[in-house]
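*Asks:* Let me give you the structure first, and then I'll get to my questions.
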Amino acid sequence: MENKILLILIVIAVINLAAAVVCAYDKQKATWGGRRVSENMLMVLALIGGATGMYITMLRIKHKTRHAKFMLGLPVIIIVQLALVALAVYRIM
């Protein structure tokens, strides 16, 4: 039981770290030029579990903070993801 919960937390942490790195990479490309990460790809990363890492990163580096799609959408995704994780942990216990 505890192993399953630990595995869920590790997977979520890895996805959030990846989302934060991709967000920072996109900010760098926006600043210095180069091939950007599409907004759709950023949203996919958020939807598969990286919303929290991406949201915190976007706020810290001031990236896409004028886009309602991200500044409103990511908190909604975070709430849904928290509910899903709580449900998963509840079902495991």
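*Asks:* Quick one: grab the alpha carbon gyration tensor of the range 1-54, order the square roots of its eigenvalues as a ≥ b ≥ c, and give me rounded if a/c is under 1.5, else prolate or oblate depending on whether a/b is larger than b/c.
*Replies:* It is prolate, given that a/c is not under 1.5 and a/b is the larger ratio.
*Asks:* In Å and whole numbers, how far do the C-alpha atoms of the chain stretch along each principal axis, longest first?
*Replies:* Principal-axis extents of the chain (Cα, largest first): 48, 23, 21 Å.
*Asks:* In addition: So, with +1 on the Cβ of K and R and -1 on the Cβ of D and E, and no other charges, what is the size of the charge dipole of the chain about its Cα centre, to the nearest 20 debye?
*Replies:* Details: 11 positive and 3 negative charges, 78 e Å.
The calculation lands at about 380 debye.
*Asks:* How many percent of the accessible area of the chain is carbon or sulfur, using a 1.4 Å probe?
*Replies:* 69
*Asks:* If you plug each phi of the range 3-11 into the Karplus form 6.51 cos²θ - 1.76 cosθ + 1.60 with θ = phi - 60°, what whole-Hz ³J(HN,Hα) values come out, in order, with x for Gly and Pro?
*Replies:* 5, 5, 5, 4, 4, 4, 5, 5, 4
*Asks:* To continue, here is another question. In deg cm²/dmol, rounded to 500, what helix-only [θ] at 222 nm does the chain give when every DSSP H run of at least 4 residues adds -39500 (n - 2.57) and the total is split over its residues?
*Replies:* Details: 5 runs with 73 residues, N = 93.
Calculated at 222 nm, the ellipticity per residue is -25500 deg cm²/dmol.
*Asks:* Work out, step by step, the length gained on full extension between residue 6 and residue 35: first 0.36 nm times the residue separation, then minus their alpha carbon distance; give nm to one decimal.
*Replies:* Between residue 6 and residue 35, full extension yields an extra 6.8 nm.
*Asks:* Using a 1.4 Å probe, what is the accessible area per residue for the chain, in Å²?
*Replies:* Working: 6400 Å² over 93 residues.
Per-residue value: 69 Å².
*Asks:* Follow-up. Using a Gaussian network model on the chain with a 10 Å cutoff between Cα atoms, which of 53, 73, 33 fluctuates the most?
*Replies:* Answer for the Gaussian network model of the chain: 33.
The values are calculated or read from the model by the stated rules, or taken from the named source; none is laboratory data. Computed from a prediction, not measured in an experiment: that's the story for all the values here. Here Cβ is always computed from backbone atoms with ideal geometry, including for glycine, and neighbour counts include all displayed protein chains. Side chains are part of the model used for accessible areas, which takes the heavy atoms of the whole protein and leaves out ligands, DNA and RNA. Shrake-Rupley method; radii C 1.70, N 1.55, O 1.52, S 1.80 Å.
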